[in-house]
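Below is one structure, written out as structure tokens; comments come after it.
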Amino acid sequence: MSIPQVVPGQTRVGWIGTGVMGSSMVGHLMAAGFPATVFNRNKAKAEPLLAKGARWAASPRELASQVDVVFSIVGFPHDVRQVLLGTDGALAGARPGMVLVDMTTSEPSLAIEIDRAARAVGVHSVDAPVSGGDIGAREARLSIMIGGDKPVVEALQPCWNAMGKTIVHQGAAGAGQHTKMVNQVLIASGMIGVCEALLYGYKAGLDLPTVLQSVGSGAAGSWSLSNLGPRIMNNNFDPGFFVEHFIKDMGIALAESRRMGLCLPGLALAQQLYLAVQAQGLGRNGTHALQLALASLAGIDWRNRSPVAAQ
């Protein structure tokens, strides 16, 4: 298969999924000079992009017929399957030599399935999940983990540069998704630590911003503590990444672990705690809403908390 030339101002990109992450990411591609066509199940979410000059497509299939590279970032593996492999999906409208790039956090096995289906009709496929949340997407400093043929990945460099700062080709199809599972395993247990530490500091009667100043720059520092800690303290649980999507990711990682014969008890515990978050009606909140569930276990109304004197 021929390798596409990806050039700002010439290469037409299509974007499927204009939610919390996708709207910023395709916006950066447009700002870099790529003409864009977009599709989203809810057209209203795409209106800001349409106002900036993006074209609208009525389906992923229609979108693919009008562009050279198709990007997708949707919610769940079944959504990926529908928008890429479905009867009205992007592959059905693709031409030989085109590229499908799925940036959803999804199943490694599905990435391999998409790659095989695409190759059968002369289309390239890349899996490129990201980390960095809504902040990283807005500021174009995402970490992009990529699986696929190296020449195709390298051809897409102008697109990667527009969206991210850490861009690493991990290997063949599915390798990007496996790397994202490593990322999610790290975050899962780490978020428990962030929330429990803030609960401890609160119960001890400490001033949490002052505590964060001390511990955030030391060995205990992390992206989650520095970026989500202040949100937790300010009762801002808006999603940079949805709880329900994180539960999906942990389920994928646990399923892959079972397949590989791994025992990951920390990840299993984190998933159970996040299922409790979802059961409390917080599935559409950010992952740091774990704080509310853990506070509830301790009998603390976190949203309406008042200072507690040290015992």
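The values are calculated or read from the model by the stated rules, or taken from the named source; none is laboratory data. Everything numeric in this text was worked out from a predicted model, so none of it was measured. Here Cβ is always computed from backbone atoms with ideal geometry, including for glycine, and neighbour counts include all displayed protein chains.
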What strands (runs of 3 or more DSSP E), lying completely within the range 1-91, carry at least 1 residues that are crowded, with 20+ Cβ neighbours inside 10 Å, hydroxyl-bearing (S, T, Y) and touching a residue at least 40 places away in the same chain (Cβ under 8 Å)? 69-72
For V152, only one of the following conditions fails: (1) farther than 17 Å from S72 by Cα; (2) at pLDDT 95 or above. What is its number? (1)
On the given criteria, is I192 touching a residue at least 24 places away in the same chain (Cβ under 8 Å), farther than 29 Å from G27 by Cβ and either within 16 Å of the chain's Cα centre (by Cα) or outside any loop (DSSP other than H, G, I, E, B) (or both)? yes
Just one listed residue, out of I144, I192, is farther than 17 Å from P230 by Cα and modelled with pLDDT of 95 or more, and it is I144
Here the residues within the range 275-298 that are part of a helix (DSSP H, G or I) and without any contact (Cβ under 8 Å) to a residue 40 or more places away in the chain are L275, A276, V277, Q278, A279, A293, S296, L297
Determine, yes or no, whether L267 is surrounded by 13 or more Cβ atoms within 10 Å (Cβ to Cβ) and part of a loop (DSSP other than H, G, I, E, B). no
Is there a residue being over 26 Å from R12 (Cα atoms), touching a residue at least 60 places away in the same chain (Cβ under 8 Å) and under 18 Å from the mean Cα position of the chain (by Cα) anywhere in the range 199-220? no
Members of the range 164-188 found to be in a loop (DSSP other than H, G, I, E, B) and closer than 20 Å to M250 by Cβ, listed by number: G174
Within the range 205-218, is there a residue that is surrounded by 17 or more Cβ atoms within 10 Å (Cβ to Cβ) and either modelled with pLDDT under 95 or touching an Asp or Glu at 6+ places or on another chain (Cβ under 9 Å) (or both)? no
Where residues in the range 232-250 are surrounded by fewer than 17 Cβ atoms within 10 Å (Cβ to Cβ) and not charged (D, E, K, R), which of them is nearest to A111 (Cα to Cα)? N236
Checked V182, V194 against criteria (among the β-branched types (V, I, T) and in contact with a helix residue (DSSP H, G or I) (Cβ under 6 Å, 6 or more places away or on another chain)); the one match is V194
Residue in the range 108-157 that is surrounded by the most Cβ atoms within 10 Å (Cβ to Cβ), counting only those that are within 30 Å of N236 (Cα to Cα) and among the acidic types (D, E): D134
State whether one or more residues within the range 13-33 are at pLDDT below 95 and closer than 19 Å to V126 by Cβ. yes
Failed item, numbered, when S109 is tested on (1) small (G, A, S); (2) free of Cβ contacts under 8 Å to residues at least 60 places away in the same chain; (3) closer than 23 Å to R259 by Cα: (2)
Conditions (1) farther than 30 Å from V168 by Cβ; (2) of a type in the set (A, V, I, L, M, F, W, C); (3) crowded, with 16+ Cβ neighbours inside 10 Å -> I187 fails only (1)
